[in-house]
1. Out of region 180-283, which chymotrypsin sites (Phe, Trp or Tyr not before Pro) are coil in DSSP terms and have no more than 14 other C-beta atoms within 10 Å?
2. Taking H as built 1.01 Å from N, whose amide H comes closer than 5 Å to the amide H of Val137, not counting residues under 5 places away?
3. What value does region 161-237 have for Rg/Rh, both radii from Cα atoms and Rh as Kirkwood defines it?
4. Using the heavy atoms of the protein chains alone and a 1.4 angstrom probe, what is the accessible area of the chain per residue in square angstrom?
5. Can you tell me the length gained on complete extension of the stretch Arg222 to Leu40, counting 0.36 nm per residue apart and subtracting the Cα distance?
6. Of (1) 0.97; (2) 1.05; (3) 1.30, which one was derived for Cα Rg over 2.2 N^0.38 Å from the structure shown?
7. Using only alpha carbons, build the gyration tensor for region 233-283 and give me the equivalent ellipsoid semi-axes, biggest first, whole Å.
8. For Val254, what accessible area in Å² do you get when you roll a 1.4 Å probe over the heavy atoms of the protein chains, rounding to the nearest 10?
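The values are calculated or read from the model by the stated rules, or taken from the named source; none is laboratory data. Everything numeric here is computed off the predicted structure, so don't read it as measured data. All Cβ positions, even for glycine, are placed from backbone atoms using ideal geometry, and neighbour counts span all protein chains on display. The area values use the complete protein model at the heavy-atom level, side chains included, leaving out ligands, DNA and RNA. Shrake-Rupley method; radii C 1.70, N 1.55, O 1.52, S 1.80 Å.
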Amino acid sequence: MEALLSEKISGQTTGCPVCGGKGESFLREAFDDRYGQPELFALVVCDKCGHVMTAPRLEESDLGPLYGTYYPRKHVDVADLRREAGRAVTRLAALRRWWMGTDNQGQYSARPGDSMLDVGCGSGLSLMEAQALGAQVRGVEADPNVRRLARELNLQIHIGSVFDEPFPGELFDLVTLNQVIEHIPEPDRVLERLRSRLRPGGRLVLVFPNVQSFWCRISGSRWINWHVPYHLHHFSRERFLQLAGRCGYRIQSVRTITPNIWTVLQFRTMRFAVSRGVPSTMWGASPAGGPGAQSMSPLRRQVLRMMRRMVFAVLMLPLGVINRFIDALGWGDSLMVELVPVELA
C-alpha cells in the first residue's frame with residue numbers, strides 16, 4: 001500500500017510554502033476519518049525544513065466541491081447562531097472563553113469601529129460575534145452551503161476565494177483566519193495577498209493546529225487535527241513563523257490555546273474505529289444543527305441543551321486546569337499568531 005501511494009504522489013510535488021524546497025519524504029498514509037471522503041492521501045515532510053504536508057495537494061478549485069459535499073453545514077440552525085453570537089458580549093464572556101479555551105479565535109481581537117475581514121468565516125458566527133463587539137464585518141468562505149446562511153443572517157460573505165478579489169477597494173483594520181490557513185493549498189500566496197488588504201496599522205490574526213502540541217504527541221495518528229484531506233498543511237510554531245517572515249510579516253504575539261471541547265473530542269475519537277470512505281458516527285451532525293434537530297420540539301431542544309451544559313460544567317473543571325497549564329508551557333493544541341506587515345510595523 002505504501003509503495004502504491006508513494007507512486008501516486010510522486011511527480012505531484014508543488015514545493016514547500018515555508019522554505020521553497022522541492023523534496024518530500026513519505027511519512028504515512030492518511031484518509032478522511034470524519035466525513036467519509038473516500039480517497040487515500042499521505043502525510044509527507046519537506047526534506048529541507050521539515051514542514052509536514054498532505055499529499056497529493058488539492059487545488060484551490062477543489063475546495064468548494066469538497067466542502068460543499070462533505071462538510072456538515074447544510075443543516076445549521078440560524079436561531080442557534082444568533083443565540084450563540086449574543087453570548088459574545090455577556091457579562092464575564094471573556095473570562096468564560098479563556099477558561100474554556102474558546103478564545104482561540106481572531107474575531108475577539110476586534111475593537112469597536114474596526115473593519116474586519118474573516119477569511120474562511122464558516123457559518124458566519126465569527127462575523128456576528130465581531131459585530132456584537134462593534135466591528136464592521138465582511139467574510140470569505142469556500143463552502144457554498146454558507147450562501148443560505150449569509151442570506152438569512154444578512155451578512156456580506158463572498159463565496160469563493162481571496163484570489164477572487166472580494167470586496168474590491170476595501171481595506172481592513174483586522175483580517176482573521178480561524179482554523180483556515182492549514183486548509184489553503186498555497187498559504188504563502190494567501191499571506192502575501194492579504195498584506196495588500198490591510199490598512200496602515202492593520203493586523204492579521206491567525207489560529208491553526210499546533211503539530212507539536214501535547215495532545216498531538218500522545219494521540220499520534222488519531223490526533224483530531226490531522227483532519228486529512230481538509231488540512232493540507234500541518235504547522236509547528238517554528239515553521240509558521242518562518243513562513244510569516246518569508247511573506248513579509250513581523251510577529252506581534254504568539255501563544256497556544258487548547259479548547260477544552262477539543263480534548264473531549266480527542267478522548268471520544270480514541271474509542272471509535274474508523275474506515276476509509278465511511279463517515280464516522282462521532283462526527284455526524286450535532287443535535288443543535290443536524291437534520292434530526294429539525295423534528296425536535298423547542299422544549300426538547302432546550303432541555304437537551306441544558307443537560308449538555310450541565311455535563312460540560314462538570315467535565316470542564318479538571319480539563320480547564322490541565323489545558324491552561326499546557327497552554328502556559330506552549331504545548332497547546334492551537335497556535336494563535338498576530339502579524340503586522342513589515343512596512344507597517
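1. Numbers: sites: Phe214, Trp215, Trp223, Trp226, Tyr230, Phe235, Phe240, Tyr249, Trp262, Phe267, Phe272, Trp283; in loops: Trp223, Trp226, Tyr230, Phe235, Phe272, Trp283.
Listed in order of number, the matching sites are Phe272.
2. Distant-sequence amide H within range of Val137: Met116.
3. Numbers: Rg = 14.8 Å, Rh = 14.0 Å.
Reported Rg/Rh (Cα atoms, Kirkwood Rh): 1.06.
4. Numbers: 15760 Å² over 345 residues.
Value returned for the chain: 46 Å² of accessible area per residue.
5. Working: separation 182, 0.36 × 182 = 65.52 nm, distance 1.59 nm.
The Arg222-Leu40 span can extend by a further 63.9 nm.
6. Computing Cα Rg over 2.2 N^0.38 Å and matching it to (1) 0.97; (2) 1.05; (3) 1.30 gives (1).
7. Equivalent-ellipsoid dimensions as semi-axes: 34, 15, 8 Å.
8. For Val254, the solvent-accessible surface is approximately 40 Å².
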